[in-house]
Amino acid sequence: MYYCYLTTPIGDLLLAGDDAALSLVAFPEGSMRRDPESDWIYSEKPFTNARQQLTEYFDGTRKEFDLPLSLAGTEFQLRVLDELQRIPYGETTSYGDIAARIGKPKAMRAVGAANGRNPIPIIVPCHRVLGSTGNLTGFGGGLDAKQALLQLEAEHSDFMGTN
């Protein structure tokens, strides 16, 4: 597994994966903070496209990512991650809405748990999911990072409001 870091407005993100796909974006703080494992190899080369696209995102010029991803999880978790990728830039939704979209309307807590295990946040935009009242809820990078991502998208989006 290769890894590198990318300096962003929300801190240095850890990127990890192989030559074929990105498998991890980790935050510098919060519950999803990770450090490279001892057998990982530092190299920026496998992440040229990911670094470029994330930089464009943070500059407000990229609204969609086009990267090969290696997502892992249960069938249910993968369905949730797939649905997260359908949330448009600048829009938000709720855990209940995601649960309904995947055909499991009573599985809001399970959706929340799957959302919390997202190995590739930002690119798989779990930050766009809010509580049923529209409040910010848990985020692996911390609520300040979630708020910063939503604010960035609000500043560069034509969409006004929530979904």
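The values are calculated or read from the model by the stated rules, or taken from the named source; none is laboratory data. A quick note: this is a predicted structure, and the numbers were derived from the prediction, not measured. Please note: Cβ atoms are built from the backbone with ideal geometry, for glycine as well, and neighbour counts cover all protein chains shown.
Annotations for the structure displayed:
- Of all residues in segment 128-145, those that are in contact (Cβ under 8 Å) with a residue 40 or more places away in the chain and closer than 18 Å to Gly30 by Cα have Cβ atoms under 6 Å from Cβ atoms of residues that are in a loop (DSSP other than H, G, I, E, B) and among the aliphatic types (A, V, I, L, M), 6 or more apart or on another chain, in Arg128/Ile87; Gly140/Met32; Ala145/Ile10.
- Leu54 falls short on exactly one of the conditions (1) in the same structural domain as Gly141 (by TED's automatic domain parsing); (2) under 19 Å from Arg128 (Cα atoms), and that condition is (1).
- The residue that is surrounded by the fewest Cβ atoms within 10 Å (Cβ to Cβ), among those in segment 31-64 that are aliphatic (A, V, I, L, M) and at pLDDT 95 or above, is Ile41.
- Among residues of segment 57-98, those that are assigned to a helix (DSSP H, G or I), closer than 24 Å to Gly131 by Cβ and in contact with a Ser or Thr (Cβ under 6 Å, 6 or more places away or on another chain), counted: 1
- Residue check, Ala114 at pLDDT below 95, surrounded by 15 or more Cβ atoms within 10 Å (Cβ to Cβ) and either in contact with a helix residue (DSSP H, G or I) (Cβ under 9 Å, 6 or more places away or on another chain) or part of a helix (DSSP H, G or I) (or both): yes
- Only one of Lys106, Lys146 that is among the charged types (D, E, K, R) and part of a loop (DSSP other than H, G, I, E, B): Lys106
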